[in-house]
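Comments concern the structure below.
The values are calculated or read from the model by the stated rules, or taken from the named source; none is laboratory data. Because the structure is a prediction, the values reported are computed rather than measured. Here the Cβ positions follow ideal geometry from the backbone for every residue, glycine too, while neighbour counts run over all protein chains shown.
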Amino acid sequence: MSSPLQVPAEAAHSWYCALYKEHRGAFVRWACQQYHVREEEATDAFQEAVIVLYRKAQGNGLADVQCGLRTYLFAVGRNQLLTRLRVLRRREDLDEEFHGIPDEALATKGMDEQEKEATAELVRQRLAELKPDDRRVLELYYLEGRDMDAVAEAMGLKNRNVAKKKKHFALQRLIHLVRSASMLLL
């Protein structure tokens, strides 16, 4: 199969369709077996890989690719899948830990499950009460699992240290809101 740079623009769509059909089944089987994901998740990851390939071809970036297209698609698809799995795992972990706030900060040690569930609901409510920037920095870091450089970039902040400071103060405000509400409930 030739590269999309070597075919007329009207044939590019057909080229990508053929590429997709040729490699999707093998990728989906491999991903399901290797990472124990559902077929839909593997298919989504492969579709993202084809989109990445398309964008790279649009920017003449295929010249940088040092491997075959199948290898490239599998590598990008794998990375897409692992990123999704990390985000999902992080979200599950955070749901169990009250949106990533350490138990010590909320003084939940020694609570029974019903009390912990009530505290988790209180955290969700108080999170919604934060200023949009405070809520966003906590979501980016704790829910989406982004590092401080990515948080700074997403929020248009100067650097990671500014983002780190913003996250710290946002978390302190959230903890204060949760503790204040907890005291009112006693």
Next on the checklist: For segment 56-92, give me the residue count where each residue is loosely packed, with under 11 Cβ neighbours inside 10 Å, at pLDDT 70 or above and part of a helix (DSSP H, G or I).
Outcome noted: 1
Next on the checklist: From the list Glu121, Glu115, Glu104, Glu97, exactly one residue is at pLDDT 75 or above and either in contact with a strand residue (DSSP E or B) (Cβ under 9 Å, 6 or more places away or on another chain) or not small (Gly, Ala, Ser) (or both). Which is it?
Outcome noted: Glu121
Next on the checklist: Residues that are of a type in the set (A, V, I, L, M, F, W, C) and without any contact (Cβ under 8 Å) to a residue 60 or more places away in the chain: list the helices (runs of 4 or more DSSP H) wholly contained in segment 124-186 that include at least 3 such residues.
Outcome noted: 148-155, 160-185
Checklist entry - What about Lys109, is it within 30 Å of His168 (Cβ to Cβ), surrounded by fewer than 12 Cβ atoms within 10 Å (Cβ to Cβ) and either modelled with pLDDT under 80 or not hydroxyl-bearing (Ser, Thr, Tyr) (or both)? => result yes
